[in-house]
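Notes follow the structure.
A short reminder: the numbers here are calculations on the coordinates, not readings from a lab. Small disclaimer: the values here were computed from a predicted structure and weren't measured. Every residue, glycine among them, receives a Cβ derived from its backbone with ideal geometry; neighbour counts consider all protein chains shown.
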Ligand code: NAD
């Protein structure tokens, strides 16, 4: 029976370190958060960011912008925050209304204020293994793996999901540790080959957003399973992996909720403190 790889205790330990670092900075870091329009899932993330920020002594500035804002007006707003020296980090909440192109907009945040680590300059540094500001969810996954003192060198790692915010940057972080990385996605499934790749995984990381896309009986004996997926099933939140069956085979498995999620917001705060250091 797998042991639970829980994010909360690791997040608490890192937050304790961050609290001390913030005290040493002698200024209160300011995180500006932009929300365009209204969205119930964004409200959940905002609440959690706000709560974590306040517990660490970070000032969380929430900017609610109109649903119909144009790209030009949003860029102008970002530029104002870029040139405001009292703001150290900027995050734009997803999803966006249709008139806004995230890939375009994210390039306007100053790289040293890009606490989501998604500016092309920061992604470029990640490619070379030199990024100071890492994408939050991938670095949360790396913290989970670190916490069980896992040497990734030469390990068979399968990442399911190739999004810009999770799968792609995560595969770079894993490659930088010399893991053997296989990235699967929708076309792998459509080609009928997802099962065979998953069955090979010593470490399986899933970020798809479809409950039960990974069958429990595909899990390799003693594998480490990190489930990034968040799916609402009635009044329950579940991941992408069939948990009960997977738990019988794996050595470690993350619960959903309580695995990757609590660490992601902590990684955001860690980036903010790094951003402060880069700016002062
Ligand atoms: P996305 O929609 O951008 O990407 C989904 C990926 O899954 C794509 O690569 C797609 O090709 C792949 N995919 C879709 N159907 C598939 C199938 N049948 N078989 C194999 N691959 C398939 O999603 P995202 O933004 O990367 O998020 C993925 C999940 O992770 C979501 O549930 C999201 O809520 C969750 N998430 C959690 C956190 C956290 O902090 N815990 C952070 C970010 C995202």
Which of the peptides 194-201, 116-123 is most tightly packed, and how do the rest follow, going by the mean number of other Cβ atoms within 10 Å of each residue?
116-123, 194-201
Please give the contour-minus-distance gain from residue 149 to residue 215: 0.36 nm per residue of separation, less the Cα-Cα distance, rounded to one decimal in nm.
21.1 nm
Once both labels are modelled 7 Å past Cα along the beta-carbon direction, what's the residue 98-residue 199 spacing in nm?
4.3 nm
To the nearest 0.05, how large is the calculated FRET efficiency for residue 51 and residue 163 if R₀ is 25 Å and r is the Cβ-Cβ distance?
0.45
Specify the angular offset, from 0 to 90 degrees and rounded to the nearest 10, of the alpha carbon long axis of helix 136-147 from the longest principal axis of the alpha carbons in the chain.
50 degrees
Please compute the volume of the convex hull spanned by the alpha-carbon atoms of segment 9-157 and report it per residue in Å³.
141 Å³
Starting from one equal scatterer on each C-alpha and no solvent at all, send me the Debye-based log10 I(q)/I(0) for segment 141-280 at q = 0.16, 0.18, 0.22 Å⁻¹, two decimals.
-0.82, -1.02, -1.49
By the mean-Cβ-within-10 Å protection proxy, highest first, 157-164, 224-231 rank as 224-231, 157-164
Could you rank the peptides 93-99, 268-274, 66-72 by their average count of other C-beta atoms within 10 Å per residue, with the highest value first?
268-274, 93-99, 66-72
In nm, what is the difference between 0.36 nm times the number of residues separating residue 41 and residue 128 and their Cα-Cα distance?
28.0 nm
Rounded to the nearest Å, what's the spacing between the alpha carbon centres of segment 58-88 and segment 12-31? Just the number, please.
24 Å
Could you state the number of Å between the C-alpha centres of segment 209-227 and segment 91-148?
26 Å
Cα convex hull of segment 198-280, projected area averaged across orientations, nm²
6.5 nm²
In nm, spacing of pseudo-spin labels at residue 232 and residue 20 (7 Å Cα→C-beta vector)
4.0 nm
Whole number please: convex hull volume per residue of the Cα set in the chain, in Å³?
130 Å³
Percent of alpha carbon pairs in segment 1-84 separated by more than 19 Å?
55 percent
